[in-house]
Amino acid sequence: MELFKPMGLTNEGENQTVGETEKVKCLIIGSGPAGYTAAIYAARANLDPVLYTGLQMGGQLTTTTVVENYPGYPDGITGPEMMEHFKGQAERLGTDVRIGMATAADFSGGDLIVTIDGNRKIKAGSVIIATGATAKYLGIEAETKYAGMGVSACATCDGFFYRKKDVAVVGGGDTAAEEATYLAGLCNKVYMIVRRNVLRASKAMQERVMKTPNIEILWEHQVTDLFGENGVEGAVLVKKKGTPDEETVKINIHGFFLAIGHTPNSDIFSDFVETDQAGYIKTIPGSTKTNVPGVFAAGDIQDPHYRQAVTAAGSGCMAALDAERYLSDLKK
Ligand code: NDP
């Protein structure tokens, strides 16, 4: 006897539209490596996945230049091109990739309902949240001007391109400390631009920074501009802003790395899905399960630590397998 029919399934197990509401077996939200990998696995498991891309189709990787650390590309590949490959593979295997933004969710009462673009309602048998996290930027115009030309929010992704050069990392938290020490191993000199006179980073990370001879901390400095002809060649900083000792200084750098935090894109789910204080979705360790049955989280939305394309893809695979098992258990 069927005690509970997953909401996305019809009697025949097909996706369908009833009235205003569309029913799907597996709804994937997000088009980064996690979302597309989940789609590839879900499609091959006959879950007929529907994937909504979000505003930034392809996710954070579309803002990087060359990706050299994703296995399988011996010569590297540009971020946008790689994401086209992910998309092509997901579509070829049967994923319905749609442009649209999840704007609301309602997981109360057993149904998994997601609203797209404010008006289209989807009732899903399972939902894979792969909405990622957005790197925070300072908000200065130069960050846009030099996007992909020296400005980056990921040292692990882009640090390699600044080997033996001088670079700067903005921020004083664990990410900034980690990125600065990582870059110090590749670059000639790393400036760490810290807005206060203390680091927020853990003691252990602070010690690593202090012990690294080619990191120079610029305390109480704030960035106001970047300059350069064909890419970043330097930054304009204000020291001790707003005090009588305020002064403007310039540093010559080729790479400018933001490490002032990320914002996990979990807002629309957080009334139902448990998150940590920063907004990252909590998953049951060793799985992608959230506290809501049938809702799974993959990629950066549940990972404040590794944040790599390959780890996101791995968790996307896990989410599809978890969703498949969830749906087949419901049928038993
Ligand atoms: P955090 O929020 O911890 O730190 C952000 C840093 O950026 C702070 O130093 C902050 O300054 C600075 N900052 C924020 N906005 C601006 C701005 N507009 N201008 C200049 N500076 C700014 O973010 P993280 O990404 O570093 O860490 C997020 C979480 O992940 C933390 O809990 C961290 O511990 C954890 N993490 C753990 C790691 C590990 O265990 N290996 C590695 C990386 C992260 P201020 O201090 O003045 O607010």
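The heavy atoms of LYS121 offer some 90 square angstrom of accessible surface to a 1.4 angstrom probe. Taken over segment 137-258, lysine pairs spaced eight or more positions apart, or on distinct chains, with alpha carbons under 22 Å apart number 15.
Rounding to the nearest 20 debye, state how big the charge dipole of segment 101-188 is about its Cα centre with +1 on each Lys and Arg Cβ and -1 on each Asp and Glu Cβ.
Values: 8 positive and 10 negative charges, 49 e Å.
Roughly 240 debye for segment 101-188.
For the pair segment 140-177 / segment 253-301, the C-alpha centres are spaced 23 Å from each other. Enumerate by residue number the trypsin sites (Lys or Arg not before Pro) in segment 189-219 meeting two conditions: DSSP loop (anything except H, G, I, E, B), and at most 14 other Cβ atoms within 10 Å of the site's Cβ. Answer in residue order: ARG196, LYS211.
Shown in residue order for segment 278-289 are the 3J(HN,Hα) couplings computed by the Karplus curve 6.51 cos²θ - 1.76 cosθ + 1.60 at θ = phi - 60°: 7, x, 6, 5, 7, 10, 5, x, x, 8, 10, 5 Hz (x for Gly and Pro). What the phi angles of segment 184-199 give under the Karplus curve with 6.51, -1.76 and 1.60, with θ = phi - 60°, is a coupling list of 4, x, 10, 9, 6, 8, 10, 8, 10, 9, 10, 6, 9, 9, 9, 9 Hz, glycine and proline written as x. Annotation: HIS254 carries an accessible surface of approximately 80 Å², with a 1.4 Å probe and no ligand, DNA or RNA atoms counted. Think of each Lys and Arg Cβ as +1 and each Asp and Glu Cβ as -1; about the Cα centre, that makes the dipole of the chain roughly 520 debye.
Rounded to whole Å, give me the distance from the Cα center of segment 303-327 to that of segment 37-62. Each part's Cα centre sits 12 Å from the other's.
By the Cβ distance rule (another cysteine Cβ under 4.7 Å), the unpaired cysteines of the chain are CYS26, CYS187, CYS317. Sparsely packed loop sites in segment 244-306 (the GluC sites (Glu not before Pro) outside DSSP H, G, I, E and B with at most 15 other Cβ atoms within 10 Å) comprise GLU246, GLU274. Taking the protein heavy atoms of the chain in the context of the full set of protein chains, the accessible area attributed to carbon and sulfur is 49 percent at 1.4 Å.
DSSP beta bridges in segment 137-258, what fraction antiparallel, as a percent rounded to 5? Counting DSSP beta bridges with both partners in segment 137-258, the antiparallel share is about 45 percent.
Accessible area per residue (1.4 Å probe, heavy atoms of protein chains only) ranks ASP225, ASP303 as ASP225, ASP303, with the largest value leading. Using only side-chain charges placed at the Cβ, +1 for Lys and Arg and -1 for Asp and Glu, the dipole size of segment 137-258 relative to its Cα centre rounds to 340 debye. Taking amide H as placed 1.01 Å from N in the peptide plane, the amide H of LYS136 sits under 5 Å from that of ILE260, GLY261, HIS262, THR263, each at least 5 places away or on another chain.
The values are calculated or read from the model by the stated rules, or taken from the named source; none is laboratory data. Only a predicted model underlies this, so the values are computations on that prediction, with no experimental measurement involved. Neighbour counts run over all protein chains shown; Cβ positions are idealised from the backbone, glycine included. With ligands, DNA and RNA removed, areas are computed over all heavy atoms of the protein, side chains included. Shrake-Rupley method; radii C 1.70, N 1.55, O 1.52, S 1.80 Å.
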